[in-house]
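Single-structure report; data block below.
The values are calculated or read from the model by the stated rules, or taken from the named source; none is laboratory data. This is a predicted model, so every value here is computed, not measured. With ideal geometry, Cβ positions are generated from the backbone for all residues, glycine too; neighbour counts draw on all protein chains shown. Each accessible area value is taken on the protein alone, full model and side chains, heavy atoms only, with ligands, DNA and RNA left out. Shrake-Rupley method; radii C 1.70, N 1.55, O 1.52, S 1.80 Å.
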Amino acid sequence: MDTLHTEISQLIIDTLDLEDMSAADIDPAAPLFGDGLGLDSIDALELGVALRKRYQVRLDGDDPSVKRYFQSVNTLVELVRERRTNEA
Amino acid sequence: MTREKTEGVTTGNTTLLESSALTPKTAHGSMDSFSLPFATWEAWAPGRNTRQEWTAPPPEALDTAGPSADISFVDPMLRRRLGPVARAALNVAQRCLGERTGVPMVFASRHGELARTLTMLNDLAAGEEVSPATFSLSVHNASAGVFSIARQDTAPATAIAAGDETLGMALIEAAARLSPEQPQILLVYADAPAPDLYAQDIASAETPHALALLLDLHGPCQLHVATQCTSTAPSTDMMGLSLLRLLAGHSPCETWTGERSTWQWTLADA
(Lines give C-alpha, C1' and ligand atoms only; values in the text may rest on other atoms or scores of the structure.)
Protein backbone atom coordinates (compact mmCIF):
# COMPACT_ATOMS: atom_id res chain seq x y z
CA MET A 1 0.00 0.00 0.00
CA ASP A 2 1.40 3.41 -0.92
CA THR A 3 0.66 6.85 0.47
CA LEU A 4 -2.43 7.46 -1.65
CA HIS A 5 -3.98 4.17 -0.50
CA THR A 6 -3.44 5.13 3.13
CA GLU A 7 -4.68 8.66 2.48
CA ILE A 8 -7.93 7.48 0.90
CA SER A 9 -8.51 4.86 3.58
CA GLN A 10 -8.08 7.58 6.20
CA LEU A 11 -10.39 9.90 4.26
CA ILE A 12 -13.07 7.18 4.33
CA ILE A 13 -12.65 6.69 8.09
CA ASP A 14 -12.73 10.40 8.92
CA THR A 15 -15.54 11.33 6.54
CA LEU A 16 -17.82 8.44 7.42
CA ASP A 17 -17.30 8.37 11.22
CA LEU A 18 -16.04 4.80 11.24
CA GLU A 19 -15.54 4.26 14.96
CA ASP A 20 -12.41 2.50 16.18
CA MET A 21 -10.94 1.89 12.72
CA SER A 22 -7.52 2.70 11.32
CA ALA A 23 -6.38 2.86 7.70
CA ALA A 24 -4.62 -0.49 8.10
CA ASP A 25 -7.96 -2.16 8.98
CA ILE A 26 -9.38 -1.51 5.52
CA ASP A 27 -8.51 -4.15 2.94
CA PRO A 28 -7.87 -2.06 -0.20
CA ALA A 29 -9.34 -4.78 -2.41
CA ALA A 30 -12.48 -5.40 -0.31
CA PRO A 31 -15.89 -4.04 -1.44
CA LEU A 32 -16.76 -0.73 0.26
CA PHE A 33 -20.51 -1.23 0.01
CA GLY A 34 -22.70 -4.11 1.04
CA ASP A 35 -20.79 -7.13 2.29
CA GLY A 36 -17.27 -5.68 2.66
CA LEU A 37 -16.91 -2.54 4.73
CA GLY A 38 -20.72 -2.26 4.88
CA LEU A 39 -21.13 1.33 3.74
CA ASP A 40 -24.55 2.57 2.62
CA SER A 41 -25.93 4.93 -0.02
CA ILE A 42 -25.55 8.02 2.21
CA ASP A 43 -21.87 7.10 2.60
CA ALA A 44 -21.52 6.99 -1.18
CA LEU A 45 -22.83 10.55 -1.44
CA GLU A 46 -20.69 11.72 1.48
CA LEU A 47 -17.61 10.11 -0.04
CA GLY A 48 -18.33 11.78 -3.37
CA VAL A 49 -18.39 15.19 -1.67
CA ALA A 50 -15.15 14.42 0.23
CA LEU A 51 -13.31 13.29 -2.93
CA ARG A 52 -14.42 16.44 -4.72
CA LYS A 53 -13.20 18.65 -1.88
CA ARG A 54 -9.89 16.84 -1.37
CA TYR A 55 -8.87 15.87 -4.88
CA GLN A 56 -11.10 18.08 -7.03
CA VAL A 57 -12.44 14.91 -8.64
CA ARG A 58 -15.70 15.72 -10.40
CA LEU A 59 -18.16 12.85 -10.44
CA ASP A 60 -21.21 12.57 -12.64
CA GLY A 61 -23.90 10.33 -11.17
CA ASP A 62 -25.01 9.30 -14.68
CA ASP A 63 -21.51 8.15 -15.63
CA PRO A 64 -21.50 4.30 -15.44
CA SER A 65 -17.79 4.27 -14.57
CA VAL A 66 -18.53 5.93 -11.22
CA LYS A 67 -20.03 2.71 -9.90
CA ARG A 68 -16.90 0.82 -10.86
CA TYR A 69 -14.62 3.37 -9.18
CA PHE A 70 -16.59 3.18 -5.94
CA GLN A 71 -15.98 -0.55 -5.50
CA SER A 72 -12.92 -0.47 -3.26
CA VAL A 73 -10.03 1.63 -1.99
CA ASN A 74 -7.97 0.30 -4.91
CA THR A 75 -10.46 1.54 -7.51
CA LEU A 76 -10.77 4.93 -5.77
CA VAL A 77 -6.98 5.27 -5.91
CA GLU A 78 -7.21 4.44 -9.61
CA LEU A 79 -9.88 7.13 -10.06
CA VAL A 80 -7.84 9.83 -8.32
CA ARG A 81 -4.68 8.92 -10.27
CA GLU A 82 -6.45 8.89 -13.65
CA ARG A 83 -8.18 12.21 -13.11
CA ARG A 84 -4.94 13.76 -11.91
CA THR A 85 -3.10 12.52 -15.01
CA ASN A 86 -5.85 13.68 -17.33
CA GLU A 87 -5.98 17.12 -15.82
CA ALA A 88 -2.21 17.53 -15.54
CA MET B 1 -63.60 28.03 16.36
CA THR B 2 -67.41 28.21 16.53
CA ARG B 3 -69.39 26.81 19.42
CA GLU B 4 -70.97 24.22 17.15
CA LYS B 5 -67.58 22.95 16.02
CA THR B 6 -66.30 22.82 19.57
CA GLU B 7 -69.22 20.66 20.59
CA GLY B 8 -68.64 18.45 17.59
CA VAL B 9 -65.06 17.87 18.62
CA THR B 10 -66.07 17.20 22.20
CA THR B 11 -68.70 14.67 21.14
CA GLY B 12 -66.24 13.02 18.79
CA ASN B 13 -63.64 12.77 21.51
CA THR B 14 -66.14 11.46 24.01
CA THR B 15 -67.13 8.68 21.63
CA LEU B 16 -63.48 7.78 21.09
CA LEU B 17 -62.66 8.06 24.75
CA GLU B 18 -65.65 6.05 25.91
CA SER B 19 -64.72 3.26 23.57
CA SER B 20 -61.35 3.05 25.28
CA ALA B 21 -60.26 3.20 28.87
CA LEU B 22 -59.41 6.87 28.57
CA THR B 23 -61.40 9.01 30.94
CA PRO B 24 -62.73 12.30 29.61
CA LYS B 25 -63.33 15.00 32.19
CA THR B 26 -65.91 17.73 31.75
CA ALA B 27 -64.22 21.03 31.02
CA HIS B 28 -64.56 23.67 33.74
CA GLY B 29 -64.10 27.08 32.21
CA SER B 30 -61.23 26.76 29.79
CA MET B 31 -59.60 23.81 31.59
CA ASP B 32 -59.28 20.64 29.50
CA SER B 33 -58.14 17.36 30.95
CA PHE B 34 -57.64 13.73 30.14
CA SER B 35 -56.21 10.64 31.77
CA LEU B 36 -53.65 8.41 30.12
CA PRO B 37 -53.19 4.82 31.24
CA PHE B 38 -49.58 3.69 31.06
CA ALA B 39 -47.48 0.61 31.74
CA THR B 40 -44.00 1.96 32.40
CA TRP B 41 -41.52 4.78 31.78
CA GLU B 42 -37.78 5.26 31.40
CA ALA B 43 -35.64 8.38 31.41
CA TRP B 44 -32.10 9.49 30.66
CA ALA B 45 -29.92 12.50 31.45
CA PRO B 46 -26.12 12.76 31.70
CA GLY B 47 -25.15 10.47 34.58
CA ARG B 48 -28.69 9.13 35.02
CA ASN B 49 -29.26 5.89 33.18
CA THR B 50 -31.61 3.87 35.37
CA ARG B 51 -35.01 4.21 37.03
CA GLN B 52 -33.23 3.91 40.39
CA GLU B 53 -31.06 6.92 39.61
CA TRP B 54 -34.19 8.94 38.85
CA THR B 55 -36.23 7.85 41.84
CA ALA B 56 -33.45 8.00 44.46
CA PRO B 57 -34.01 10.84 46.92
CA PRO B 58 -33.18 13.62 47.14
CA PRO B 59 -33.52 14.74 43.53
CA GLU B 60 -30.38 16.63 42.65
CA ALA B 61 -29.95 19.12 39.85
CA LEU B 62 -29.27 17.44 36.53
CA ASP B 63 -25.83 17.56 34.97
CA THR B 64 -25.75 19.77 31.92
CA ALA B 65 -23.03 17.76 30.23
CA GLY B 66 -21.64 14.25 30.27
CA PRO B 67 -21.22 11.17 28.11
CA SER B 68 -23.88 10.41 25.51
CA ALA B 69 -26.55 7.78 26.19
CA ASP B 70 -25.54 4.17 25.57
CA ILE B 71 -27.12 2.67 22.46
CA SER B 72 -24.96 -0.42 22.07
CA PHE B 73 -28.09 -2.33 20.94
CA VAL B 74 -27.75 -0.46 17.62
CA ASP B 75 -25.31 -1.86 15.05
CA PRO B 76 -22.06 0.21 15.05
CA MET B 77 -22.42 1.03 11.35
CA LEU B 78 -25.90 2.39 12.01
CA ARG B 79 -25.15 4.29 15.21
CA ARG B 80 -21.83 5.89 14.19
CA ARG B 81 -23.35 9.11 12.89
CA LEU B 82 -26.02 9.63 15.57
CA GLY B 83 -25.78 12.75 17.71
CA PRO B 84 -26.53 13.11 21.44
CA VAL B 85 -30.26 13.83 21.05
CA ALA B 86 -30.88 10.80 18.83
CA ARG B 87 -28.80 8.62 21.18
CA ALA B 88 -30.84 9.78 24.17
CA ALA B 89 -34.12 9.13 22.33
CA LEU B 90 -33.08 5.64 21.22
CA ASN B 91 -31.75 4.78 24.68
CA VAL B 92 -35.04 5.48 26.50
CA ALA B 93 -37.16 4.05 23.67
CA GLN B 94 -35.28 0.75 23.76
CA ARG B 95 -35.36 0.43 27.56
CA CYS B 96 -39.07 1.24 27.69
CA LEU B 97 -40.07 -1.05 24.84
CA GLY B 98 -37.80 -4.01 25.62
CA GLU B 99 -38.71 -7.00 23.46
CA ARG B 100 -42.12 -5.64 22.43
CA THR B 101 -42.54 -5.07 18.70
CA GLY B 102 -45.21 -3.47 16.55
CA VAL B 103 -45.98 -0.71 19.05
CA PRO B 104 -46.79 2.59 17.25
CA MET B 105 -44.55 5.45 18.32
CA VAL B 106 -44.70 9.20 18.80
CA PHE B 107 -41.24 10.79 18.77
CA ALA B 108 -41.11 14.34 20.09
CA SER B 109 -38.38 16.93 20.39
CA ARG B 110 -38.50 20.71 20.55
CA HIS B 111 -35.16 21.31 18.84
CA GLY B 112 -34.49 17.93 17.27
CA GLU B 113 -31.16 18.02 15.45
CA LEU B 114 -31.05 21.80 15.25
CA ALA B 115 -27.25 21.79 15.59
CA ARG B 116 -27.01 19.84 12.32
CA THR B 117 -29.37 22.23 10.56
CA LEU B 118 -27.25 25.14 11.76
CA THR B 119 -24.10 23.43 10.43
CA MET B 120 -25.75 23.11 7.02
CA LEU B 121 -26.94 26.72 7.02
CA ASN B 122 -23.41 27.87 7.87
CA ASP B 123 -21.99 25.69 5.07
CA LEU B 124 -24.47 27.13 2.57
CA ALA B 125 -23.68 30.68 3.72
CA ALA B 126 -19.97 29.96 3.21
CA GLY B 127 -20.61 28.54 -0.26
CA GLU B 128 -19.59 25.03 0.85
CA GLU B 129 -21.27 21.81 -0.15
CA VAL B 130 -23.78 20.43 2.34
CA SER B 131 -22.98 17.04 3.82
CA PRO B 132 -25.51 14.39 2.68
CA ALA B 133 -25.11 12.50 5.96
CA THR B 134 -25.76 15.66 7.99
CA PHE B 135 -28.86 16.34 5.93
CA SER B 136 -30.17 12.79 6.29
CA LEU B 137 -29.93 12.96 10.09
CA SER B 138 -31.19 16.53 10.44
CA VAL B 139 -34.78 15.67 9.55
CA HIS B 140 -37.14 15.47 12.50
CA ASN B 141 -38.06 11.80 12.04
CA ALA B 142 -34.44 10.61 11.74
CA SER B 143 -34.39 9.08 15.25
CA ALA B 144 -37.66 7.26 14.60
CA GLY B 145 -36.28 5.94 11.31
CA VAL B 146 -33.01 4.70 12.77
CA PHE B 147 -34.88 3.06 15.69
CA SER B 148 -37.12 1.27 13.20
CA ILE B 149 -34.12 0.06 11.15
CA ALA B 150 -32.11 -0.97 14.22
CA ARG B 151 -34.94 -3.13 15.56
CA GLN B 152 -36.31 -4.24 12.18
CA ASP B 153 -39.66 -3.06 13.52
CA THR B 154 -42.06 -1.54 10.98
CA ALA B 155 -44.50 -0.07 13.53
CA PRO B 156 -45.75 3.37 12.42
CA ALA B 157 -44.03 6.42 13.92
CA THR B 158 -44.83 10.11 14.04
CA ALA B 159 -42.32 12.88 14.83
CA ILE B 160 -43.59 16.15 16.28
CA ALA B 161 -42.27 19.49 17.51
CA ALA B 162 -44.43 22.12 19.21
CA GLY B 163 -42.21 24.75 20.78
CA ASP B 164 -41.74 24.74 24.54
CA GLU B 165 -44.91 22.63 24.97
CA THR B 166 -43.67 19.83 22.71
CA LEU B 167 -43.98 17.14 25.37
CA GLY B 168 -47.56 18.13 26.23
CA MET B 169 -48.56 18.07 22.59
CA ALA B 170 -46.90 14.67 22.23
CA LEU B 171 -49.07 13.40 25.09
CA ILE B 172 -52.16 14.65 23.26
CA GLU B 173 -50.96 13.07 19.99
CA ALA B 174 -50.37 9.76 21.77
CA ALA B 175 -53.72 9.95 23.58
CA ALA B 176 -55.52 10.53 20.30
CA ARG B 177 -53.97 7.42 18.80
CA LEU B 178 -54.60 5.13 21.75
CA SER B 179 -57.59 2.87 21.02
CA PRO B 180 -58.70 -0.75 21.44
CA GLU B 181 -57.12 -1.37 18.03
CA GLN B 182 -53.89 0.29 19.17
CA PRO B 183 -53.84 -0.41 22.92
CA GLN B 184 -50.18 0.56 23.29
CA ILE B 185 -48.36 3.69 22.08
CA LEU B 186 -44.75 4.51 22.87
CA LEU B 187 -44.07 8.19 23.49
CA VAL B 188 -40.41 9.18 23.15
CA TYR B 189 -39.24 12.66 24.06
CA ALA B 190 -35.63 13.91 23.84
CA ASP B 191 -34.00 17.31 23.76
CA ALA B 192 -30.66 19.02 24.25
CA PRO B 193 -29.98 22.73 24.60
CA ALA B 194 -30.41 24.74 21.41
CA PRO B 195 -27.17 26.06 19.84
CA ASP B 196 -25.97 29.33 21.44
CA LEU B 197 -26.99 31.29 18.37
CA TYR B 198 -30.64 30.74 19.35
CA ALA B 199 -30.21 31.53 23.06
CA GLN B 200 -32.21 34.75 22.92
CA ASP B 201 -35.26 32.84 21.65
CA ILE B 202 -35.22 30.27 24.43
CA ALA B 203 -36.86 31.35 27.68
CA SER B 204 -36.07 28.36 29.89
CA ALA B 205 -32.77 26.93 31.08
CA GLU B 206 -32.17 23.81 28.97
CA THR B 207 -30.45 20.57 29.96
CA PRO B 208 -30.14 17.36 27.92
CA HIS B 209 -32.72 14.76 28.89
CA ALA B 210 -35.02 12.14 27.42
CA LEU B 211 -38.02 10.17 28.56
CA ALA B 212 -40.12 7.36 27.18
CA LEU B 213 -43.63 6.53 28.34
CA LEU B 214 -45.37 3.34 27.27
CA LEU B 215 -49.07 4.17 27.12
CA ASP B 216 -51.16 1.07 27.62
CA LEU B 217 -54.96 0.84 27.87
CA HIS B 218 -54.48 -2.00 30.33
CA GLY B 219 -51.58 -0.38 32.18
CA PRO B 220 -51.51 -0.20 35.98
CA CYS B 221 -51.00 3.59 36.24
CA GLN B 222 -52.86 6.69 35.14
CA LEU B 223 -51.34 10.02 34.23
CA HIS B 224 -53.91 12.74 34.64
CA VAL B 225 -53.23 15.79 32.48
CA ALA B 226 -55.05 19.13 32.79
CA THR B 227 -54.27 22.16 30.69
CA GLN B 228 -55.59 25.68 30.24
CA CYS B 229 -54.57 28.95 28.62
CA THR B 230 -51.93 30.52 30.80
CA SER B 231 -52.15 33.81 32.61
CA THR B 232 -48.88 33.48 34.53
CA ALA B 233 -45.21 33.77 33.64
CA PRO B 234 -43.60 30.73 31.98
CA SER B 235 -41.75 28.21 34.14
CA THR B 236 -37.98 28.55 34.20
CA ASP B 237 -37.24 24.86 33.65
CA MET B 238 -38.26 22.40 30.95
CA MET B 239 -41.59 20.61 30.64
CA GLY B 240 -39.92 17.19 30.57
CA LEU B 241 -38.21 17.76 33.90
CA SER B 242 -41.54 18.71 35.47
CA LEU B 243 -43.15 15.48 34.27
CA LEU B 244 -40.11 13.49 35.40
CA ARG B 245 -40.35 14.87 38.96
CA LEU B 246 -43.88 13.48 39.04
CA LEU B 247 -43.03 10.11 37.46
CA ALA B 248 -40.01 9.66 39.72
CA GLY B 249 -42.18 10.24 42.77
CA HIS B 250 -40.49 13.44 43.92
CA SER B 251 -43.70 15.40 43.74
CA PRO B 252 -47.37 14.30 43.97
CA CYS B 253 -48.59 17.03 41.63
CA GLU B 254 -46.68 19.15 39.16
CA THR B 255 -47.62 22.38 37.44
CA TRP B 256 -45.69 23.73 34.48
CA THR B 257 -46.36 26.85 32.47
CA GLY B 258 -45.27 27.43 28.89
CA GLU B 259 -45.65 30.34 26.52
CA ARG B 260 -49.31 29.50 25.86
CA SER B 261 -50.65 27.04 28.41
CA THR B 262 -50.37 25.85 31.97
CA TRP B 263 -50.15 22.09 32.44
CA GLN B 264 -50.92 20.13 35.56
CA TRP B 265 -50.14 16.49 36.09
CA THR B 266 -50.96 13.97 38.77
CA LEU B 267 -50.58 10.20 39.02
CA ALA B 268 -53.12 7.60 40.11
CA ASP B 269 -53.47 3.82 40.07
CA ALA B 270 -55.66 2.56 37.25
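Here is how the numbers come out for the structure above:
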item: Within chain B, longest stretch free of exposed GluC sites (Glu not before Pro) [DSSP loop, at most 14 other beta carbons within 10 Å]; result: B:182-258
item: Trypsin sites (Lys or Arg not before Pro) restricted to the stretch A:11-56 and DSSP loop, no more than 15 other C-beta within 10 Å; result: none
item: Heavy-atom accessible surface of the protein assembly as shown: percent carbon and sulfur, 1.4 Å; result: 53
item: Amide H contacts under 5 Å for B:His209, placed H, 5+ residues apart; result: B:Asp191
item: Unit charges at the beta carbon, dipole of the protein assembly as shown: most positive-side option, B:Val74, A:Leu39, B:Gln184; result: B:Gln184
item: Kirkwood Rh and Cα Rg combined as Rg/Rh, the protein assembly as shown; result: 1.06
item: Between the stretch B:241-261 and the stretch B:105-145, the Cα center-to-center distance that results, in Å; result: 30
item: Loop-located GluC sites (Glu not before Pro) in chain A whose Cβ has at most 15 other Cβ within 10 Å (DSSP); result: A:Glu19
